[in-house]
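Report on the following structure.
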Amino acid sequence: MAAPRNRDLISGPILKTLVLFSAPTLASNILQSLNGSINSIWVGRLLGEGALAATANANVVMFLVFSAAFGFGMAATVKIGQAFGARDVLAARRTFGSAIGFCVIISLAVGTLGWVFAPELLTAMAAPGETYIYALTYLRVIFIAMPASMITVILGMGLRGGGDAATPLKFMVMSSVLDIGLNPLLINGYGPIPTMGIAGSALATAIASIASMAGIVTYVYVKDLPLRLRGAELKWLWPRRDELGYILTKGLPMGAQMLVISAAGIIVIGLVNREGILVSAAYGAALQLWTYLQMPAMAISAAVSAMAAQAIGANLGDRLGKISRWGVVLNLSVTGTLCAMILLFDRPALELFLGASSPSVDEARHIQFLASWSYVIFGVTMVLFGTMRAGGVVWTPLIILSLALYPVRLGFYYAFYPVLGADALWLAFPVSSAFAVVLSVYAYRKPGWRAQARAVPDAECEEETHLDAETAGRMAPTI
């Protein structure tokens, strides 16, 4: 099988290329998040504020768990893409087998530990009484299905590394439809199906994950796709030392950044939980809307990064500035418009999750008003990081995000909480985003990284740009 040719991203109008290239990524991300949002609507409307707050707590925890293995999957994706580029299918299979085997081992270990220590984790997050009970039940069911979920994610990433984005999308659609359809049936019960409450929502997600895994594995073998392993090749599922070395070396920095972001999300949830169930439910609903606010910047950043990588490889250094500027303009336009629409129609949107009579709606609107616009300015940071990563800059984004999420965001909260109360937490979002923008602009304008820029493969650029987004209500990182 001939490997797909790289897309030409160095000719033609920059803005048009950015829009056309980022649109499919944006569509895929929206589909992935719609699943979580609709499930949250079912939970919030059928079970109430406490259950919705529980899913917000559980999703942040699961994002942390997935992040532990996700960086390794992204590293494998890059190497698989390089192997296909060299038309070395056996090398791609070896890497793929090691990635699957290693991530399954991790997911089994982490899933077991997560199931055992879920009570301690939720206690550390200060989950309120009703929320704690719901979240514990939800988490433990999800942890059981974690290996299936991880296999599906790594399979999808591997196929994308080989240039096949259509197959993962098909099974993402299947999983989403199953999950959305089963949620109300298992929560409320129907006919011979008993009423399961919050456990039913988690079970729906677990069933969808297992069905998706079985479906995509079957499809790979029925269609005899290049990454399938047969006969003696199955031994590659036990991670090879050389493959594991690459996956660990490249994956640890990626995973570290995701762990930094997801740990910050857990800290924020813990602070929110201290304000009570109504505020926690309000924040959970706001998180669902913030998921969509991040998506344009993620897609634009991925496109900017791949375009910048090709420009560097073609020695078109003067094109970098134009790519970055148009990326920033496109982000401000799209994310700004989306933010304005969410703020204008926030009440009906939030009532989808909380119900029209919920007292949490007004609190959620207040949170939205104070914090939503932070994602508009943070999108600028994501775009500039995308350009710098294309030149091989990997540690600067991690340092800037760590400073913004911890000493700045948490420092602002603790400094102003005695005066502002919970508003200090909501205002800490735009404060930390503004700090990140200032530092990222400073780092971007320094000439040193351009002089030493090296061309990074498109696949690596596109994968790494997904590291910058915050958890914002997602159960797993966006792929």
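The values are calculated or read from the model by the stated rules, or taken from the named source; none is laboratory data. Just so it is clear, the structure is predicted and the values come from calculations on it, not from any experiment. So basically every Cβ, Gly included, is an ideal-geometry build from the backbone, and we count neighbours across all protein chains shown. Each accessible area value is taken on the protein alone, full model and side chains, heavy atoms only, with ligands, DNA and RNA left out. Shrake-Rupley method; radii C 1.70, N 1.55, O 1.52, S 1.80 Å.
Brief remarks on what is shown
- Which listed residue, of Leu90, Leu136, Leu169, is farther than 17 Å from Leu227 by Cα and either at pLDDT 85 or above or open to solvent by 50 Å² or more (accessible area, probe 1.4 Å) (or both): Leu136
- In this entry, Met174 passes the filter for residues that are surrounded by fewer than 17 Cβ atoms within 10 Å (Cβ to Cβ), in contact (Cβ under 8 Å) with a residue 40 or more places away in the chain, in a helix (DSSP H, G or I) and out of contact with any Cys (no Cβ under 7 Å at 6 or more places or on another chain).
- If the condition is being closer than 15 Å to Val43 by Cβ and part of a loop (DSSP other than H, G, I, E, B), then segment 190-217 contributes Thr195, Met196, Gly197.
- Which numbered condition Thr337 fails, given (1) open to solvent by less than 20 Å² (accessible area, probe 1.4 Å); (2) over 28 Å from Glu275 (Cβ atoms): (1)
- Scanning segment 217-237 for residues that are at pLDDT 90 or above and within 28 Å of Arg140 (Cα to Cα) returns Val217, Thr218.
- Number of positions in segment 445-479 that are surrounded by 21 or more Cβ atoms within 10 Å (Cβ to Cβ) and either of a type in the set (Asp, Glu) or modelled with pLDDT of 75 or more (or both): 7
- Restricting attention to segment 223-269, the residues that are among the aromatic types (Phe, Trp, Tyr), part of a helix (DSSP H, G or I) and surrounded by fewer than 16 Cβ atoms within 10 Å (Cβ to Cβ) total 0.
- Some residue of segment 356-368 being surrounded by fewer than 20 Cβ atoms within 10 Å (Cβ to Cβ) and small (Gly, Ala, Ser): yes
- Hey, Gly284 assigned to a helix (DSSP H, G or I) and buried (at least 24 other Cβ atoms within 10 Å of the Cβ) or not: yes
- Selection of segment 311-327 for residues being open to solvent by 30 Å² or more (accessible area, probe 1.4 Å) and touching a residue at least 24 places away in the same chain (Cβ under 8 Å) yields Gly313, Ala314, Leu316, Gly317, Arg319, Lys322, Trp326.
- Checking segment 340-347 against the condition returns no match, with no residue being buried (at least 24 other Cβ atoms within 10 Å of the Cβ) and assigned to a helix (DSSP H, G or I).
- Residue list for segment 392-406, restricted to those being modelled with pLDDT of 85 or more and among the hydrophobic types (A, V, I, L, M, F, W, C): Leu398, Ile399, Ile400, Leu401, Leu403, Ala404, Leu405
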